[in-house]
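Notes to accompany the following structure.
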Amino acid sequence: MTSLDFSGISTAVDQPETKLTVADDAYRKLRVLILQGTLQPGQKLKFEVLQQELGLSASSLREAFMKLVNEGLVQLAQRRGFSVAPISIEELKDITRLRKILEPLALRDAIEHGDDAWEAQILATWHRFSKIDTAQSDAPGILDDQWSYWHRAFHESLVAACPSKKTMQFRAVLFEQSERYRALSAARRTKPRKKSDEHRKLMEAVLARDSDKAEALMIKHMALTSNFLANVLDATQDSGKDN
């Protein structure tokens, strides 16, 4: 395992208002490295190396690993220790299938319960995200950390008024797992990504309190994204077989 660079990670994961334990800090940093693809699928996570890099005790590192195991980002195998969970097109499809159930549910609840402050937060987050999205490079293999951060923030703002904590909890786990595939596919794609107005249309439907339209747009958006990511991964696997 090569030396890990944790510079630039804090903007995506740190929450200054919350005092983190050593294990919490390690968990967040390792989580970002996995989601961004720095720690590759199937890569063995070596205690000795990570202890040195993070300055952690074995117990703190194990605690961080177990949290990641619970999220499905790390695997624990007998006699082999911890490793980054593998990826597959089948898993991506399964994640998308579950997201198509939970995202619309959270969205409908948010539309029903959202107030003016919720709408204002959506507009503010959209303003930041749309500016970054417009400036984002179309070049293959490019996925800016700030784009990922504000893309996540925008989607979270849409459902923020959902009162169900369990729905939001499971929705967040699935969203993060899908983002892992997005980051990995961005690093592997060979064609420019095509920008669209899917996010704007979705936001407008939500603010108009049109639950049926918002749900349809959300499901379509997830399906298109999943198909694109699956095609990139499939092409990568085919290329690997040819080499």
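Filter region 72-118 down to the residues that are surrounded by 16 or more Cβ atoms within 10 Å (Cβ to Cβ), out of contact with any Phe, Trp or Tyr (no Cβ under 9 Å at 6 or more places or on another chain) and among the charged types (D, E, K, R) and list them by number. Lys100, Arg108, Asp109, listed by residue number. Would you call Ala117 farther than 19 Å from Arg171 by Cβ, more than 19 Å from the chain's Cα centre (by Cα) and in the same structural domain as Ser157 (by TED's automatic domain parsing)? Yes: the conditions hold for Ala117.
Residues of region 1-58 that are touching a helix residue (DSSP H, G or I) at 6+ places or on another chain (Cβ under 9 Å), at pLDDT 80 or above and over 23 Å from Pro86 (Cβ atoms): Thr21, Val22, Ala23, Asp24, Asp25, Gln51, Ser57, Ala58.
The set of residues in region 129-141 that are at pLDDT below 70 and touching a helix residue (DSSP H, G or I) at 6+ places or on another chain (Cβ under 7 Å) contains only Gly141. Candidates Ile95, Ile101: the one that is under 28 Å from Asp234 (Cβ atoms), assigned by TED's automatic domain parsing to the domain that holds Val159 and more than 16 Å from the chain's Cα centre (by Cα) is Ile101.
The values are calculated or read from the model by the stated rules, or taken from the named source; none is laboratory data. Being a predicted model, the structure only gives us computed values, none of them experimental. Cβ atoms come from the backbone with ideal geometry, glycine included; neighbour counts cover every protein chain shown.
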